[in-house]
Every structure is written in C-alpha cells, then in structure tokens.
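The values are calculated or read from the model by the stated rules, or taken from the named source; none is laboratory data. Predicted model only: the values in this text are computed from it and were never measured. Backbone-built Cβ (ideal geometry, glycine too); neighbour counts: all protein chains shown.
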Amino acid sequence: MQQKIVITGGPGTGKTSLINELGRRNFECTHEISRQVTQLARKKGIDHFFLENPLLFSKLLLEGREQQFIEAHKSDNDLIFFDRGIPDVHAYMNHFGTKYPEMFLEKSKKYRYNTIFLLPPWKEIYITDDERYESYELSISIYNQLKAAYTALDYEIIEVPHSSIMIRADFILKQLNIL
C-alpha cells in the first residue's frame, strides 16, 4: 500500500531543504507549488498575488495540490513525500482571516495522507526572499494554524526537531521504520 507523507510547517522552517535531501536519497517527492504560482503571477504584473487575491491564489494551490495527490496514485513507489499538503491551503486562509468555500475542507477530508511531519519555527534559519515575505513572528502564527488544521482533521502530527538536514531526514525515516 502506498504511503503519502506530508512535510509541512510555517515559512522558513527547512521544508524544501528536507524534501531535497529525501529526493537526493532516491525517495519520490512532490515539490511546493506556491512559488510557481507566485512567479507566474509576477510575470503577469501581480507582485503579491496572495495578498491581492487570496481566494484565487488559494484555489490555484488547492487545484495543484489535489493534482499532485492524484498523480501520486500513478506512481509505482510505495512512499511519496509531499512538500505541504492540501490542508495547508485552508490553514493559511484561516491565518489571514480569508473566507473560503466549504469545498476547501471537503478536499482535505477526501484526500487523506498517511503521516504528517510538522517542522516548528526556527529563528536561526529563518530568512525572507522574493516569494517569502512573512516575518518570523507571522511564521509562528502560520505554524499554529497548520497544527490546528491537521489536528482538526484527526491527523497525528509528528514534530521534527531542530537539527541538520541530514539528522532531520534520518529522524523522519526512522519514524517511518525505514532506517
């Protein structure tokens, strides 16, 4: 049976570096799509797509993450890591107080993952860039919304301790009884 594993957390917690390390170890990984959505919007002259049209931005993320989930079923791999999951979309919307249709929650209930790994805020590694404009304090609040969203969907959350990427990857693989 295929296992779908989510690596999530607020911005700047090392998710992408961790996904890249798991990929380097020959595990199948899907990559975060919000940067792609943001970069495409910039090409169309929209600097802060999420801030300017949060519902449309989130709808595009939801569609992309749903597509990643569906595509994963076609894989022959028994284990697939996701850089963020479908519930992340409504967690962010909850954080920003954006109203959204019930369909967002319905998708989170329909497409279920096997295991959720949550990366906590980590001030020492936090940086901003052209796509990550949230402050560190904001990342703490987003982390809390992510934790609440997955908990409300009855997921057991495994928090990944602060450490090097190699140790964090080993931690996840040990939790999954792979190491």
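Quick rundown of the values:
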item: Some residue of the range 67-76 being in a helix (DSSP H, G or I), closer than 30 Å to SER164 by Cβ, touching a residue at least 24 places away in the same chain (Cβ under 8 Å) and not aromatic (Phe, Trp, Tyr); result: yes
item: Selection status of LYS59, surrounded by fewer than 18 Cβ atoms within 10 Å (Cβ to Cβ) and assigned to a helix (DSSP H, G or I); result: yes
item: Filter result for ASP83 (crowded, with 16+ Cβ neighbours inside 10 Å and either acidic (Asp, Glu) or in contact with a helix residue (DSSP H, G or I) (Cβ under 8 Å, 6 or more places away or on another chain) (or both)); result: yes
item: For SER17: the one exception among (1) surrounded by 16 or more Cβ atoms within 10 Å (Cβ to Cβ); (2) touching a helix residue (DSSP H, G or I) at 6+ places or on another chain (Cβ under 6 Å); (3) of a type in the set (S, T, N, Q); result: (1)
item: Filtered residue count, the range 140-179, keeping only those that are within 24 Å of LYS107 (Cα to Cα), of a type outside the set (Phe, Trp, Tyr) and crowded, with 17+ Cβ neighbours inside 10 Å; result: 6
item: In the range 140-153, residue modelled with the lowest pLDDT [restricted to those that are over 15 Å from ILE5 (Cα atoms) and not aliphatic (A, V, I, L, M)]; result: SER141
item: Candidates ASN26, ASN94 - the one that is more than 13 Å from the chain's Cα centre (by Cα), more than 24 Å from LEU153 (Cβ to Cβ) and either modelled with pLDDT of 85 or more or crowded, with 16+ Cβ neighbours inside 10 Å (or both); result: ASN26
item: Filter result (touching a Pro at 6+ places or on another chain (Cβ under 8 Å) and part of a helix (DSSP H, G or I)) within the range 1-37; result: none
